[in-house]
Amino acid sequence: EAQVTQNPRYLITVTGKKLTVTCSQNMNHEYMSWYRQDPGLGLRQIYYSMNVEVTDKGDVPEGYKVSRKEKRNFPLILESPSPNQTSLYFCASSLPPGLAGSAEQFFGPGTRLTVL
Amino acid sequence: AQSVSQHNHHVILSEAASLELGCNYSYGGTVNLFWYVQYPGQHLQLLLKYFSGDPLVKGIKGFEAEFIKSKFSFNLRKPSVQWSDTAEYFCALYNFNKFYFGSGTKLNVKP
């Protein structure tokens, strides 16, 4: 089954304790992306990756890191989480956006993060 | 910078009523536009997309959207909503490798 998986689905942590949220897709998609969803703000793109070893900042990259060592995986790293990073996080993947009129993003189930 | 605005934050309709959700974007060049839906407890799914050609785009579940370049708008419509359309709807724009989402519109359909 084609899907995007994220782990963990729920996480409660404390300020400053490094954490990683994993994202994996099995559709051989080049483009992957991380978003945070906050009430009244919709989804905001944190980082995206056009392909392996190619990553770039989205609209709200501060406090986050990513890596893309393999095509299927795109982990999100919070080196020193703070309470303002409490949010619902989504990973998504797609074929290269803008090419062949595609770019339908497939979203993972979300990770609800609480930073105390 | 590009942005997407959805002015209707919360819409309540009765079943069989017609729906129109507004979406405006700020970029003046070529744009790729999307509507996504998030049903309660589920992740986002694509409803429809516009890249070029016919400005009236048809999507799944009877939804359609019209791209009006002169108004920078991409409004979502459905002639007759059902209770199962209760969800949050997001308009999105893709440009220069990035996606920009609106703040979302929560639709409640009363049976």
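Okay, here's what the table says:
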item	result
Ellipsoid semi-axes in whole angstrom, largest first, where each is sqrt(5λ) of the Cα gyration tensor of chain B	23, 14, 12
Cβ neighbours within 10 Å from other chains - mean over A:66-75	0
Pairs beyond 20 Å (Cα-Cα), from B:LYS49/B:LYS110; B:LYS49/B:LYS71; A:LYS18/A:LYS65; A:LYS18/A:LYS71; B:LYS49/B:LYS69	B:LYS49/B:LYS110; A:LYS18/A:LYS71
Charge dipole of the stretch B:1-106 about the Cα centre (unit charges at C-beta), most positive-ward option of B:GLY104, B:GLY53, B:LEU21	B:GLY53
Packing-based order for A:60-70, B:5-15, B:31-41, using average beta carbon neighbours within 10 Å, highest first	B:31-41, A:60-70, B:5-15
Angstrom value of the Kirkwood radius, inverse mean 1/r, which spans all Cα pairs in the protein assembly as shown	18.0
Simple Cβ-charge dipole of chain A, Lys/Arg +1 and Asp/Glu -1, about Cα centre, in debye nearest 20	340
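The numbers here are math on the coordinates, done by the rules we state, and not lab data. None of these values were measured; they are calculated from a predicted model. Don't worry about glycine lacking a Cβ; one is built from the backbone with ideal geometry, like all the others, and counts go over all protein chains shown.
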